[in-house]
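Down below is the structure, laid out as structure tokens.
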Amino acid sequence: MESKEIVKVVGFWVSPYSLRVEWALRLKGVEYEFIEEDIYNKTLLLSKLNPVHKKVPVLIHGEKATLESLIILEYIDETWKQFPLLPEDPYDRAMARFLADLGEKFFANAFMALCSEGDEKERALKQATESLEKIEEELKRKTSKFFGGENIGYLDLALGWIAYTLPVWEEVGCLKIVDSIQYPSTTVWKDNFLNHPVIKFKPLPKDEMVIYIKWLRKEVVSQIATFGPSGARAVLNIKSPPNSISNFWAQIE
């Protein structure tokens, strides 16, 4: 039986982790309320819902709160059975989870490549490329538009940031990670993903993203210069982002 309890998403306007939860709910046809969270000035609501990590997104379903975006995707898929996200075959489900985890490592290395210089940047780019090559190989094995077949599935949502967020990082950081010639299957998948009606419901706020990412990159580069690569996390404690942006980059979850 389909759940009729109230659904809310506590997230951040441009966080790919919040977006993947919204995308999943919209694919399922589930109505929800989006609650904007400023992770630089965290609300009491977020502290109550996620007292240990105080991260977004959080899915509120009735009286229950579910944390971490990939776990939330699975909760959504098991709660609302229409439009299945994960494959039926156990091996295919395991591989989808494996590649989603690989995508998280890709995200971390791409972000480090954006915000570092010299040897650290080259190391991060190399590791990001290694992840991308595996993703490209997986897409080449398929004859469908998406990882999930002819429709978007769990892995498409998990890797959606490659299409939605990474191009802005590439522009700001003068990077070229997803080269259309070197990674043709990934490039075609990106276009298919961005042109899906569910993804197009929230157009990329590119101008605001560029302003924010430029600021964020500057701050993280400064932290890394002072504290080493671990300094990238310290930037999340900064209280004075650029005035033109009202809410800021979500902590990774």
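The values are calculated or read from the model by the stated rules, or taken from the named source; none is laboratory data. Worth saying up front: this structure is predicted, and the values here are computed from it rather than measured. So basically every Cβ, Gly included, is an ideal-geometry build from the backbone, and we count neighbours across all protein chains shown. Surface accessibility is based on the protein's heavy atoms, side chains included, excluding ligands, DNA and RNA. Shrake-Rupley method; radii C 1.70, N 1.55, O 1.52, S 1.80 Å.
Would you mind giving the three semi-axes, in whole Å and largest first, of the ellipsoid equivalent to region 1-89 according to its Cα gyration tensor?
23, 13, 12
Which whole-number percent is the relative contact order of the chain (Cα, under 8 Å, 6+ apart)?
Relative contact order here is 24 percent.
Give me the percent of accessible area attributable to carbon and sulfur for the chain, probe 1.4 angstrom.
For the chain, the apolar C and S fraction of the accessible surface comes to 53 percent.
Mind ranking 141-149, 126-134 by how tightly packed they are, going by the mean number of other C-beta atoms within 10 angstrom, highest first?
Per-residue Cβ counts within 10 Å, averaged per peptide and sorted highest first, yield 126-134, 141-149.
How high is the relative contact order of region 1-75, in percent, counting Cα pairs under 8 Å that sit 6 or more residues apart?
This gives 38 percent for region 1-75.
With all distinct Cα pairs included, what does the Kirkwood hydrodynamic radius of region 67-179 come out to in Å, to one decimal, could you say?
Taking the inverse mean of 1/r over all distinct Cα pairs, region 67-179 comes out at 15.0 Å.
Dipole magnitude of the chain about its Cα centre, charges +1 at Lys/Arg Cβ and -1 at Asp/Glu Cβ only, in debye to the nearest 20?
Charge dipole of the chain: 400 debye, to the nearest 20.
Over what distance in Å are the Cα centres of region 21-87 and region 117-144 separated?
What the calculation gives is 28 Å, centre to centre.
What does the convex hull of the alpha-carbon atoms of the chain project to on average, in nm²?
Projected area, direction-averaged: 13.6 nm².
List the residues, sorted by chain then number, that are 5 or more residues from Tyr40 or on another chain and whose placed amide H is less than 5 Å from its amide H.
For Tyr40, the qualifying residues are Phe248.
Where does the charge balance sit around Asp92 when Lys and Arg score +1, Asp and Glu -1, over other residues with C-beta under 14 Å from its C-beta?
Counting the neighbours of Asp92, the net charge comes to -1.
Going highest first, how would you order 23-29, 157-163, 102-108, 50-56 by mean Cβ packing within 10 Å?
Going by the mean number of other Cβ atoms within 10 Å, highest first, we get 157-163, 23-29, 102-108, 50-56.
Go through region 56-64 residue by residue and turn each phi into a ³J(HN,Hα) via Karplus (6.51, -1.76, 1.60, θ = phi - 60°); whole Hz please, and just put x for glycine and proline.
Values, residue by residue: 10, x, 10, 9, 9, 10, x, 9, 9 Hz.
Name the residue, out of Leu59, Leu44, Leu86, whose mean-square fluctuation peaks in a Gaussian network model built on the chain with Cα pairs under 10 Å.
Sorting by GNM fluctuation, first place goes to Leu44.
For the cross-link pairs Lys126/Lys206; Lys55/Lys134; Lys121/Lys206; Lys4/Lys81; Lys134/Lys190; Lys28/Lys200, which exceed 18 Å when the distance is taken from alpha carbon to alpha carbon?
Lys126/Lys206; Lys55/Lys134; Lys121/Lys206
Which semi-axis lengths, in whole Å and largest first, follow from the square roots of five times the eigenvalues of the Cα gyration tensor of region 50-95?
24, 13, 7
Helix check for the chain. Which DSSP H runs span at least 20 Å along their own axis by Cα, with a mean Kyte-Doolittle hydropathy no less than 0.0?
Sorted by number, the helices that extend far enough and score high enough are 90-115, 206-227.
Enter the per residue convex hull volume of region 1-149, computed from alpha-carbon coordinates, in Å³ rounded to the nearest integer.
It is 136 Å³ per residue.
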